[in-house]
1. Can you give me the C-alpha center-to-center distance between segment A:76-128 and segment B:17-68, rounded to a whole angstrom?
2. Work out which residues of segment B:86-113 lose at minimum 10 square angstrom of accessible surface when the other protein chains are put back, relative to the chain isolated, with a 1.4 angstrom probe, and list them by number.
3. Quick one: go through segment B:67-93 and flag any residue whose amide nitrogen is under 17 Å from the point 7 Å out along the Cα-to-Cβ line of B:Ile126.
4. In a Gaussian network model over chain A where Cα atoms closer than 10 Å are linked, find which of A:Val71, A:Val96, A:Val81 has the largest mean-square fluctuation.
5. What number comes out for accessible area per residue over segment B:5-83 if the probe is 1.4 Å? Units Å², please.
6. Expressed as a rounded percentage, what relative contact order does chain A have, with Cα pairs under 8 Å and six or more residues apart?
7. Under 10 Å, Cα contacts only: if you run a Gaussian network model on chain B, which one of B:His21, B:His91, B:His50 comes out with the highest mean-square fluctuation?
8. What lysines does A:Lys63 reach when the alpha-carbon gap must be under 29 Å and sequence neighbours fewer than 8 apart in one chain are set aside?
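The values are calculated or read from the model by the stated rules, or taken from the named source; none is laboratory data. Quick caveat, the model's predicted, so the values are computed rather than measured. No Cβ is skipped: glycine too gets one built from the backbone with ideal geometry, and neighbour counts run over all protein chains shown. What goes into the accessible areas is simple: the full protein's heavy atoms, side chains included, and nothing from ligands, DNA or RNA. Shrake-Rupley method; radii C 1.70, N 1.55, O 1.52, S 1.80 Å.
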Number of protein chains: 2
Amino acid sequence: MHYTRDNMASLLRSHDINPTHQRIEIAHALFSRQEHLSADQVMAIVNTRHSETSKATVYNTLKLFLEKGLVREVIVDPSKVFYDPNTSAHHHLYEVDTGKLSDIDATHVHISGLPDLPAGMVTEGIDLIVRVRRAG
Amino acid sequence: MHYTRDNMASLLRSHDINPTHQRIEIAHALFSRQEHLSADQVMAIVNTRHSETSKATVYNTLKLFLEKGLVREVIVDPSKVFYDPNTSAHHHLYEVDTGKLSDIDATHVHISGLPDLPAGMVTEGIDLIVRVRRAG
DNA sequence: TCATCGATCTGGACTTTGTCTAATTTCCGG
DNA sequence: CCGGAAATTAGACAAAGTCCAGATCGATGA
Ligand SMILES: [Mn+2]
Ligand SMILES: [Mn+2]
Ligand SMILES: [Zn+2]
Ligand SMILES: [Zn+2]
């Protein structure tokens, strides 16, 4: 599977998102890299060649992608949100010095002993973040 | 154990923090409530009677408490950091609709199968956040 | 008591991230 | 082509947090 802009259009349609030029570029930025990007980083990538997409559209589009389940939010840095094209169950390793964020496959990770949820509540997600730093 | 201001002064000294009026008030706000508070909330509590403590001091003091290990940061809401007077190992339950944050005792929670850390890295902490919302 | 001086506190300017809105542009069916 | 809905835009705005130069505090010792 190649992350062409045509494939991005199909991906968007399959998530019930009308594929526009800007949405395709933003999806392409995220999916072709398979990295965790902030809104600012997406903005910079999308506007490298020439300015094409406004700040408002970048924020609106990322929120739309999130609602439609195309991407996931990662809240780990107190100053900005990261958007994650990987929506399969996984956890995160965060290097606090550098801000580098990487995935931890969830298939071998087991979490047990969590208490029952409060009545009438349903789990939206379980985020596990391993914060690491250089030894010394 | 009563959370008097005198006890706050001792607590601060035991963490190598010079106990000033402002620091005692801020510590008292956190420890007497045993709640997760944002900087803004601390500011409001400390200045209820009459304005005593500036924004800069609230932020500086919370950062100092964090460095000295007196409180812990909880990063769960994309728009603000929460400060936690409970520094024992525990996890968090976050109600995404209301913003309500509560503790999950870690003694019965087991996490297994995490991969080895990258070489030269040491764990600073493992944050487990259960995000919940109203069913329906 | 009083002067001194390092530590602390302060107002307010500034930055960054994100939101909002009214106006414009694009897209598409008829 | 035309009309309307959907999408995009610039830029004003808001909230959280940082920074700094100057004011203040409070322990010390003359
Ligand atoms: Mn282009
Ligand atoms: Mn008071
Ligand atoms: Zn990820
Ligand atoms: Zn807690």
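1. For segment A:76-128 versus segment B:17-68, the Cα centre distance is 30 Å.
2. B:Leu93, B:Glu95, B:Val96, B:Ile104, B:His108, B:Val109, B:His110, B:Ile111, B:Ser112, B:Gly113
3. B:88-93
4. Greatest mean-square fluctuation among the candidates belongs to A:Val96.
5. Numbers: 4300 Å² over 79 residues.
For segment B:5-83, the solvent-accessible area averages 54 Å² per residue.
6. Details: 148 pairs, mean separation 25.3, N = 136.
Taking the mean separation of contacting Cα pairs over the length of chain A, I get 19 percent.
7. B:His50
8. A:Lys63 reaches A:Lys55, A:Lys80, A:Lys100, B:Lys80, B:Lys100.
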